Amino acid sequence: MDRLWSERWAALAAAAVVAVAAVVVAAQPIDSPWWTYADADASYTASALNLVLGEDVTFVDHPGLPLTEAAAIVFGVETLLDEGSLSDSARLAFVDRALLDLDSTRWVFRGLSGLVYLLGALLSFLFASRLFGHWTWGLAAGLLWVAAPGLTAMSIQFRPDVPLAVLTLVFGFTVARAVERRSVEWYAAAAATVGLAAMVKLHALALLPALAVAALWKPADASDAWSRLRGSVRRRRALVAAIAGAWLLVALLLNVARLPWDVTPVQLGVLAALAAVVAASVAVAELLVRPFYGWLVAAFAAGLLLPVTLDIPDGLRALHYIVRAISGQGVQEGVDSFATPLSSLDSIVGREAVIAFLLAGVAGVVGFVRRDPR
């Protein structure tokens with residue numbers, strides 16, 4: 001009976017978190033014109049329409065590629081429903097109408113944004129409840145998500161910040177499970193999440209030190225991981241085949257129409273360098289009898305390349321931009337990398353965010369002293 005009541009309270013708390021998040025979304029100017037947040041909304045929406053048409057997506061500076069691809073898939077489905085086909089003429093007619101009336105696309109970019117924000121609230125509840133063993137932790141985490149001041153205004157904006165926050169939640173959960181269970185699979189999921197998140201927004205690379213600390217502090221036992229993975233694939237063969245088939249179909253639809261691809265030697269060089277780093281990491285890890293660390297690098301690269309498979313030419317350019325940005329060369333002309341001094345931190349992120357970072361630092365010290373990474 002106690003367990004039944006606990007489950008009911010947990011369900012009620014989860015519903016409350018999602019309801020409060022929905023109120024936050026509904027309080028935003030959902031019905032306002034498309035240009036209300038045009039800096040991001042129009043940029044990613046127009047890029048998605050270009051992708052539907054088979055044109056280049058030039059806006060991959062964040063890189064933000066998964067956002068463009070998600071909207072392009074929705075627009076592709078809408079094209080099929082409106083025009084009855086995905087032929088060149090049908091896609092051209094749909095894109096022309098959409099670009100001449102961007103207000104007609106609001107349901108896509110604001111709808112996707114709102115859904116991602118609600119997903120973040122729900123995942124905050126679920127992850128904290130599972131990690132700490134009680135729904136009250138989930139309620140606290142869900143309300144903290146809603147209380148985040150920066151996310152409130154961006155809850156209906158089609159920009160990478162909220163998706164990045166959601167992926168950071170996923171990373172936090174997967175890396176916590178990894179250190180608890182010394183699991184290669186959970187570590188691989190955490191590394192792949194960082195790679196995917198980096199394609200959403202470059203700031204995700206700041207998660208790599210946390211992954212490295214976890215992997216060095218609580219390394220996984222990789223002795224039988226491969227056999228467990230094969231067994232899992234065999235048990236879920238139909239599901240794996242369905243997901244892989246759907247992904248391949250979408251990848252073909254988005255890539256074949258753009259042949260021949262306009263790929264530069266520098267972009268191919270970046271891809272080759274990434275492959276070389278992965279191969280070298282796996283080889284060195286095998287020689288040191290630490291294959292787990294090689295798999296971590298491979299999983300990170302897999303997450304990084306996942307969006308690239310859906311848009312190869314623009315994905316390769318995004319990889320090139322990532323390399324330029326982290327090496328301090330700058331992505332856009334006139335915008336220098338690492339030019340902002342740390343003394344300006346408070347004016348950039350606000351006092352609340354600085355306090356949150358300080359609390360996280362205290363939590364890190366406590367976790368280290370107690371030898372409990374959670």
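The values are calculated or read from the model by the stated rules, or taken from the named source; none is laboratory data. Because the structure is predicted, anything quoted here is derived from the model rather than measured. Here Cβ is always computed from backbone atoms with ideal geometry, including for glycine, and neighbour counts include all displayed protein chains. SASA here: full protein model, heavy atoms, side chains in, ligands and nucleic acids out. Shrake-Rupley method; radii C 1.70, N 1.55, O 1.52, S 1.80 Å.
Laid out as a table, the results:
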| item | result |
| --- | --- |
| Candidates Ala71, Ala121 - the one that is farther than 30 Å from Ala10 by Cβ and in contact with a helix residue (DSSP H, G or I) (Cβ under 9 Å, 6 or more places away or on another chain) | Ala71 |
| Residues located in the stretch 29-67, provided they are assigned to a loop (DSSP other than H, G, I, E, B), among the β-branched types (Val, Ile, Thr) and under 17 Å from Val308 (Cα atoms) | Val57, Thr58, Val60 |
| Residue match in the stretch 124-132 (condition: at pLDDT 90 or above, among the hydrophobic types (A, V, I, L, M, F, W, C), surrounded by fewer than 20 Cβ atoms within 10 Å (Cβ to Cβ) and under 13 Å from Val18 (Cβ atoms)) | yes |
| Pair list, Cβ under 7 Å, 6 or more apart: the stretch 341-355 residue charged (D, E, K, R), other residue open to solvent by 70 Å² or more (accessible area, probe 1.4 Å) | Glu352/Pro149 |
| Residue identified as of a type in the set (S, T, N, Q), over 18 Å from the mean Cα position of the chain (by Cα) and within 30 Å of Val250 (Cα to Cα) among Ser129, Ser183, Ser87 | Ser87 |
| Selection count, the stretch 296-349, where residues are at pLDDT below 80, open to solvent by 70 Å² or more (accessible area, probe 1.4 Å) and part of a helix (DSSP H, G or I) | 6 |
| Failed item in (1) touching a residue at least 24 places away in the same chain (Cβ under 8 Å); (2) at positive phi, with Arg371 passing the rest | (1) |
| Unmet criterion (only one of (1) outside any helix (DSSP H, G or I); (2) of a type in the set (Gly, Ala, Ser); (3) buried (at least 18 other Cβ atoms within 10 Å of the Cβ)) for Ala10 | (1) |
| Cross-chain or 6+ apart pairs with Cβ under 7 Å, the stretch 203-224 first and farther than 19 Å from Gly361 by Cβ and assigned to a loop (DSSP other than H, G, I, E, B), then modelled with pLDDT of 90 or more and open to solvent by less than 50 Å² (accessible area, probe 1.4 Å) | Lys218/Val179; Ala220/Ala178; Ala220/Tyr187 |
| Single condition Val23 does not satisfy, out of (1) farther than 21 Å from Leu254 by Cβ; (2) outside any helix (DSSP H, G or I) | (2) |
| Selection from the stretch 244-267 of residues that are under 18 Å from Pro66 (Cα atoms), in contact (Cβ under 8 Å) with a residue 12 or more places away in the chain and of a type in the set (A, V, I, L, M) | Val250, Ala251, Leu253, Leu254 |
| Candidate set from the stretch 350-374 (those that are among the charged types (D, E, K, R) and over 18 Å from His203 (Cβ atoms)); member that is most open to solvent (accessible area, probe 1.4 Å) | Arg370 |
| Matching residues, the stretch 239-265, being more than 16 Å from Gly54 (Cβ to Cβ), open to solvent by less than 80 Å² (accessible area, probe 1.4 Å) and not hydroxyl-bearing (Ser, Thr, Tyr) | Val240, Ala241, Ala242, Ala244, Gly245, Ala246 |
| Residue, farthest from Val250 (Cα to Cα), within the stretch 53-80, restricted to residues that are modelled with pLDDT under 90 and open to solvent by less than 30 Å² (accessible area, probe 1.4 Å) | Val60 |
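So that you can scan it fast, the table gives a plain yes or no per residue for (1) among the small types (Gly, Ala, Ser); (2) under 28 Å from Ala204 (Cβ atoms); (3) touching a residue at least 60 places away in the same chain (Cβ under 8 Å):
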site: Val74; (1), (2), (3): no, yes, no
site: Ala90; (1), (2), (3): yes, no, no
site: Thr105; (1), (2), (3): no, yes, yes
site: Ala140; (1), (2), (3): yes, yes, no
site: Pro163; (1), (2), (3): no, yes, yes
site: Leu167; (1), (2), (3): no, yes, no
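Listed here are the residues, each with its yes/no results for (1) touching a residue at least 60 places away in the same chain (Cβ under 8 Å); (2) in contact with a helix residue (DSSP H, G or I) (Cβ under 7 Å, 6 or more places away or on another chain); (3) open to solvent by 50 Å² or more (accessible area, probe 1.4 Å).
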residue	(1), (2), (3)
Leu4	no, no, yes
Ala15	no, no, yes
Trp34	yes, yes, yes
Asp41	yes, yes, no
Thr45	yes, yes, no
